[in-house]
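The values are calculated or read from the model by the stated rules, or taken from the named source; none is laboratory data. The structure displayed is predicted, hence computed values, not measured ones. When we count neighbours, we look across all protein chains shown, and the Cβ atoms used for this are built from the backbone with ideal geometry, even at glycine.
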Amino acid sequence: MHLGYAKWVCGLVAACVVASSAQEPEEVSAARVPTTAKVTVLTVSRTSKGVFSGHASRMTLTATAQAPPDVEPGIIIVEEGNGEALKTSLVAVKEYFVAQNRWHGDKEYRLGFENTSHPHEGESFSLGAALLYDALDTGVALDDKVCVSVKLMSDGTVDRVGGIQGKLAAAADAGFSTVIIPASNAHVFDDMVILNRLSTLVRFQIIAVDHFEQARQVATSEKSLEVQTALTLYERIATVIRTETATDEGLVETLKKESVSSAIDQILTAIPQHVSARSLRAIATGTGPTTLSPRGSAYVIDRLWPKLLGADSTTTGASYGSNGTGTGTGSGLEQSEARKEALAELERVTPLLDSSSAKYVAAVRHYAKLLGDSTGSEECHNRLREAASYIDTERQYLQQKLRSN
């Protein structure tokens, strides 16, 4: 396999040398300029149970050559049913292109979503909207295999967004592997690699950007040869990992092979923001993080704690009744199995948690011990109530610290 893989890498590198990567972009004719552009964006929404669920939605931007007399020209109109924060965030899109002398104020732009089963809200759509406008302006469609969740600022830089874990899960469920996120959210992917190394690395190509132009070079359907080759190289590496690497030790051995190492270097040269390739390099050299980030640690505990209470497995935050043993639905056997799974997972992840979560996880572990020792007496119920209350206190204190950082 390694000889064949080396030949394959050399073949791709040779192709890069032979092919011309410096072609001038062709002039965009009026006939070629599309009136509608599409991109897949990631979002989260709160379900009836109060939890956040990720969604992949197809977002469209349509341009009308002449704005109607009753519509202010040069603005982006958002379809009814979507949030005010989304509408406000689009101001930065216009300001960015105005500064680039690329805003066409004589047109009307309408932003909509093909998936209308839930409202769309938040600022994480704004970079997607900017990519759509760029596609309309240049006449070059976007890559329908790439999805995005990034907040754009008026100077072209980007800012962090929330709910990345759920959004990446939605991307995977929808069949996307290349996802553009803010660089300030890259730690979320690092956390995912720490928790589920092999499955995460073969599933995603995460591009963590600082600026609109970095996102555009990956999102456009007319990528440079270097960028396209880099993405293809990572897909091939992921295939090797998926089919022939079963352990962390085997992964390190594979990544240290000269052919694989050379391919990773080529990826990072073409796309320095390729977080997945950066993770491969860190694993190969033993320089990657070994503990979860503070936010990642809190997130993991938040997901496990309700299971110990017997609550629904996707609930975040405590939900306990008067006896302190949980108010979740399902049979006693189902709740018991959920608790066992949660305890096993808690044992697995505790060594990976950041020190900032020490008191929070200690409170959860204390509750789990009391629950295991409970005889069902009133005294036991009182202790469980006190322990559950202590968990809430530690959780709130930790969340306050995270918000202030």
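Is there a residue being without any contact (Cβ under 8 Å) to a residue 40 or more places away in the chain, polar (S, T, N, Q) and part of a loop (DSSP other than H, G, I, E, B) anywhere in the range 147-158? Checked against the condition, which is being without any contact (Cβ under 8 Å) to a residue 40 or more places away in the chain, polar (S, T, N, Q) and part of a loop (DSSP other than H, G, I, E, B), the range 147-158 yields no hits at all. When the residues of the range 355-403 are filtered to those that are outside any helix (DSSP H, G or I) and of a type in the set (Gly, Ala, Ser), the one that is farthest from Thr291 (Cα to Cα) is Ser377. Would you say Ala277 is surrounded by fewer than 24 Cβ atoms within 10 Å (Cβ to Cβ) and either at pLDDT below 95 or not assigned by TED's automatic domain parsing to the domain that holds Arg160 (or both)? Considered against the rule, which asks whether it is surrounded by fewer than 24 Cβ atoms within 10 Å (Cβ to Cβ) and either at pLDDT below 95 or not assigned by TED's automatic domain parsing to the domain that holds Arg160 (or both), Ala277 comes out as no. Evaluated against (1) farther than 22 Å from Leu152 by Cβ; (2) out of contact with any Asp or Glu (no Cβ under 6 Å at 6 or more places or on another chain), Pro294 falls short on exactly one condition, (2). Of the candidates Gly317, Gly296, Gly310, Gly286, the single residue that is at positive phi, modelled with pLDDT of 90 or more, small (Gly, Ala, Ser) and in contact with a helix residue (DSSP H, G or I) (Cβ under 9 Å, 6 or more places away or on another chain) is Gly286.
All of (1) crowded, with 21+ Cβ neighbours inside 10 Å; (2) in contact with a Pro (Cβ under 9 Å, 6 or more places away or on another chain); (3) part of a loop (DSSP other than H, G, I, E, B) hold for His120 with one exception: (2).
Quick grid of which residues meet (1) more than 29 Å from the chain's Cα centre (by Cα); (2) within 22 Å of Pro351 (Cα to Cα); (3) in contact (Cβ under 8 Å) with a residue 40 or more places away in the chain; (4) not assigned by TED's automatic domain parsing to the domain that holds Ala338:
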| residue | (1), (2), (3), (4) |
| --- | --- |
| His366 | yes, yes, no, no |
| Lys369 | yes, yes, no, no |
| Glu379 | yes, no, no, no |
| Arg385 | yes, no, yes, no |
| Ile391 | no, yes, yes, no |
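Can you name the residue in the range 223-275 that is among the hydrophobic types (A, V, I, L, M, F, W, C) and touching an Asp or Glu at 6+ places or on another chain (Cβ under 9 Å) and, of all such residues, is nearest to Val148 (Cα to Cα)? So that I can check it myself, show each step before the final result.
Filtering the range 223-275 down to residues among the hydrophobic types (A, V, I, L, M, F, W, C) leaves 225, 227, 230-231, 233, 237-238, 240-241, 246, 251-252, 255, 260, 263-264, 267-268, 270-271, 275.
Remaining after also requiring touching an Asp or Glu at 6+ places or on another chain (Cβ under 9 Å): 270-271, 275.
Details: Ala270: 19, Ile271: 16, Val275: 14 Å.
So, considering only residues that are among the hydrophobic types (A, V, I, L, M, F, W, C) and touching an Asp or Glu at 6+ places or on another chain (Cβ under 9 Å), the one nearest to Val148 (Cα to Cα) is Val275.
Here is a list: Glu341, Glu345. Which entry is surrounded by fewer than 19 Cβ atoms within 10 Å (Cβ to Cβ), closer than 20 Å to Ala388 by Cβ and modelled with pLDDT of 90 or more? Among Glu341, Glu345, only Glu345 is surrounded by fewer than 19 Cβ atoms within 10 Å (Cβ to Cβ), closer than 20 Å to Ala388 by Cβ and modelled with pLDDT of 90 or more. Pairing each residue of the range 237-250 that is within 16 Å of Ser261 (Cα to Cα) and in contact (Cβ under 8 Å) with a residue 40 or more places away in the chain with any residue that is surrounded by 13 or more Cβ atoms within 10 Å (Cβ to Cβ) and aromatic (Phe, Trp, Tyr), provided the two are 6+ apart or on different chains, yields C-beta distances under 7 Å for Val240/Tyr5.
Does Leu398 qualify as being surrounded by fewer than 17 Cβ atoms within 10 Å (Cβ to Cβ) and at pLDDT 90 or above? So Leu398 does not fit the description; no.
In the range 86-95, is there at least one residue being at pLDDT below 90 and among the charged types (D, E, K, R)? So far as the range 86-95 goes, yes, one or more of its residues are at pLDDT below 90 and among the charged types (D, E, K, R).
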